[in-house]
Amino acid sequence: MRRNLQRLKPDVILVMKRHITLIPLIVLLAFSACQQPDNLTEAEKEEIRNDVRRMLTDYFKDINENGLMAEFKYLDNSSDFLWVPPGYSTWLSFDSVSAVLEKNESLYSSVENTWDIIRIDPLTHQYATYTGTLHGTWIDTTGKATNVSLIETGIVVKRKDGWKLLRGQTAALPEQAH
């Protein structure tokens, strides 16, 4: 019996390592869903929602028109940045996301994403969370189109030059969710 427990231990540790990085994001999102934003009037909340929605819409518009490298304008280039892209089981830093974008830029002739549903929850004057589903059509350099449905949740931060993506996760939705 002890031998069986020892054999399972690395598997349990591996699962914990894969999911431990998501725990702070999940806790923050759960907390934000239960908390009302401090010191924000209804008008301020609506203004933040509109500003963040505009940023997220412009984010996709820029990618659609200019390719993956257009993402850099919307990412918070700070040590606080982290993202879990589709297919990844752990977060990536800004530098790692940059490397992935640079590598994948030459693989696609067109990337078109559109939001299906998006919910924005202001937390403070500087932070908001968002959750949404999106549809994408990605065309590679051979002309092959791939349609994807994704779910994305994240935290945005207001900087001097506008709202930026600070932390989050994007995951593929199962086929039946399309």
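Readers should treat all values here as calculations from the given coordinates under stated rules, not as data from a laboratory. Computed from a predicted structure; not experimentally measured. With ideal geometry, Cβ positions are generated from the backbone for all residues, glycine too; neighbour counts draw on all protein chains shown.
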Restricted to the range 36-178, the DSSP antiparallel beta bridge percent, nearest 5, is 90 percent
For LEU92, the residues 5 or more places away or on another chain with a placed amide H closer than 5 Å to its own amide H are TRP83, VAL84
Rounded to the nearest 0.05, FRET efficiency between GLU105 and LEU173 (Cβ-Cβ, R0 22 Å) equals 0.35
Going through LYS61/LYS164; LYS103/LYS160; LYS103/LYS164 one by one, the pairs whose alpha carbons sit over 26 Å apart turn out to be LYS103/LYS160
Distance in Å, no decimals, from the C-alpha centre of the range 70-90 to the one of the range 132-166 is 11 Å
Here the range 93-105 yields Karplus 3J(HN,Hα) values (6.51, -1.76, 1.60; θ = phi - 60°; whole Hz; Gly and Pro given as x) of 7, 4, 4, 5, 4, 4, 5, 5, 4, 5, 5, 7, 3
Placing each pseudo-label 7 Å from Cα in the direction of the beta carbon, GLU112 and SER79 end up separated by a distance in nanometres of 4.3 nm
